[in-house]
Amino acid sequence: QPTASGALEITRLGDALFVVRGAGCNVVVARGPGGGATMVDGGLKERSAELLSLVRSELSVSRIDTLFNSCWHPDRTGANEALGAAGTRIMAHENTRLWLGRDVTRPWDNNRTIKRLPPEARPNATFYEPGTVEVSGREVGYGYLLQAHTDGDIYVRFPTENVLVTGAAVATT
């Protein structure tokens with residue numbers, strides 16, 4: 001289970017690309033030239049205020065223009081409520097939007113029920129096919145990972161830095 005303990009740590013991947021660890025998952029932040037940013041995953045809900053504060057203060061980001069959910073699990077969607085309420089575009093595969101709109105009971109996890117997200121916290125820009133989008137003055141690629149970790153897993157690609165983000169679908173362990 002992802003944990004929400006310890007300090008958040010920033011690692012620089014490029015001039016304007018960063019990984020924030022410790023929020024429940026690795027959160028990738030791509031800063032644009034105008035103060036906006038793209039974020040891949042939002043960590044756990046209980047760490048979202050701290051995460052967003054860190055991104056604003058330490059990475060000099062004034063707003064998150066687009067949040068990508070790499071899957072529907074709670075360790076990836078914790079910032080959805082705060083960012084959705086702020087009007088952020090939340091992008092995900094259509095299957096992720098569907099899962100986030102219902103309660104999910106997991107029998108293999110002591111019958112734990114993951115509650116549906118409120119409508120404003122669900123993805124508001126979904127896709128089936130790979131594509132590219134301009135976010136905060138940067139080109140960002142995305143696509144479906146064919147039932148890798150969940151049936152809504154996606155990748156997000158930052159071509160300037162040649163970085164591919166795969167959420168929980170690829171691990172080194």
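The values are calculated or read from the model by the stated rules, or taken from the named source; none is laboratory data. All figures in this text were calculated on a predicted structure; none of them were measured in a lab. All Cβ positions, even for glycine, are placed from backbone atoms using ideal geometry, and neighbour counts span all protein chains on display. Remember, those area values only see protein heavy atoms, side chains included, never the ligands or the DNA or RNA. Shrake-Rupley method; radii C 1.70, N 1.55, O 1.52, S 1.80 Å.
Which one of Glu46, Glu50, Glu81 is touching a Ser or Thr at 6+ places or on another chain (Cβ under 8 Å) and not in a loop (DSSP other than H, G, I, E, B)?
Step by step, each of Glu46, Glu50, Glu81 is checked, and only Glu81 is touching a Ser or Thr at 6+ places or on another chain (Cβ under 8 Å) and not in a loop (DSSP other than H, G, I, E, B).
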Quick check, is Ser60 out of contact with any Asp or Glu (no Cβ under 6 Å at 6 or more places or on another chain) and of a type in the set (Ser, Thr, Tyr)?
-> yes
Please determine, by comparing only the residues of the stretch 65-91 that are within 9 Å of the chain's Cα centre (by Cα) and of a type in the set (Gly, Ala, Ser), which one is surrounded by the fewest Cβ atoms within 10 Å (Cβ to Cβ).
-> Gly78
Residues of the stretch 119-158 being touching an Asp or Glu at 6+ places or on another chain (Cβ under 6 Å), touching a residue at least 12 places away in the same chain (Cβ under 8 Å) and under 22 Å from Leu17 (Cβ atoms), in sequence order, are Val135, Ser136, Leu145
Can you name the number of the only condition in (1) within 19 Å of Ala7 (Cα to Cα); (2) under 15 Å from the mean Cα position of the chain (by Cα); (3) surrounded by fewer than 23 Cβ atoms within 10 Å (Cβ to Cβ) that Gly24 fails?
-> (3)
Would you check which residues across the stretch 36-45 are in contact (Cβ under 8 Å) with a residue 40 or more places away in the chain and either out of contact with any Asp or Glu (no Cβ under 7 Å at 6 or more places or on another chain) or open to solvent by 10 Å² or more (accessible area, probe 1.4 Å) (or both) and list them?
-> Met39, Val40, Asp41, Gly42, Leu44
Of all the residues that make up the stretch 117-141, how many are open to solvent by 30 Å² or more (accessible area, probe 1.4 Å) and under 19 Å from Leu98 (Cα atoms)?
-> 9
In this structure, is Ala169 more than 27 Å from Arg63 (Cα to Cα) and open to solvent by less than 40 Å² (accessible area, probe 1.4 Å)?
-> yes
